[in-house]
Amino acid sequence: MTYHHGNLRQALLDRAAQVIAKKGVEALSLRALARDLGVSHAAPSRHFKDKTALLSALAIEGHRRLTTALNEAANAAGSDPVARYNAIGKAVIRFSLENPAYYRTANHPEVLRCADENLIAANRAYLEAVKEAATAAQAAGWHPEADAMTLLVFSTAAAIGTAAMFTETHQSGLLTGVDLTALADRVIDLVIPASSAECNATEGRQAHATS
């Protein structure tokens, strides 16, 4: 990939995403990006003062794309709050498979540790959107007896943990040959029912079993 002219900032971000998708965040360096794009070693500094700034920009873009994906998935699921939250959980994992560089960067511990105010705001907005969806799902019948924060952490951990397993660069081979999208859907269905009606049906079976 050689840069000729135009938007160097975007070219740096695009090349960084390619490197991260293939080798991980740790493999990234501004000097290597400059070499790959055929520009001087000093050229990237006109847009990013250091690697941390570039990663922050990539993470912010990752949050933006993820939020868009979640909104689209929720809207496609209709008006049922439980179905919408189920769709959001599945969309998180699907996004991690389709956009590994953006997902890894947005959730990388070192990137978050050095986050600037813009990245902190993007991360907070994403978490607040998920919290709002979880609250609505609970109000519609998903585990009304449970503590709201416990439900949020439980469901979010299921989605993020599954995404982490799927996007880890050093796979053990455990998931080789597995349809990851289908597996992700089944995992989320275990955690979040597909609809409010399914919540009610589950509660009815449990009440019958204990009566």
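Please treat every number below as a calculation from the coordinates, not as lab data. What you see is a predicted model, and the numbers here were worked out from it, not measured in a lab. With ideal geometry, Cβ positions are generated from the backbone for all residues, glycine too; neighbour counts draw on all protein chains shown.
Quick notes on this one:
- Considering only A133, A159, A32, the Gaussian network model of the chain with Cα springs below 10 Å gives its largest mean-square fluctuation to A32.
- For the pair R9 and D147, the difference between a 0.36 nm per residue extended length and the Cα-Cα distance amounts to 45.2 nm.
- Reported value for the range 104-145: 86 Å³ per residue, from the convex hull of its C-alpha atoms.
- Peptide ranges 59-65, 69-75 listed from the most packed, as the mean C-beta count within 10 angstrom indicates: 59-65, 69-75
- Straight-distance crosslink candidates among lysines, where the alpha carbon sits under 20 Å from K22 and sequence neighbours closer than 8 are dropped: K51
- Here r is the Cβ-Cβ distance between T68 and R35 and R0 is 25 Å; the resulting FRET efficiency, rounded to 0.05, is 0.15.
- Two numbers describe the Cα atoms of the chain: Rg and Dmax, which are 20.0, 75 Å.
- The GNM of the chain, with springs linking C-alpha atoms under 10 angstrom apart, assigns the highest mean-square fluctuation among H41, H143, H108 to H41.
- Extents of the range 1-49, taken as max minus min of Cα coordinates on every principal axis and listed largest first, are 26, 19, 15 Å.
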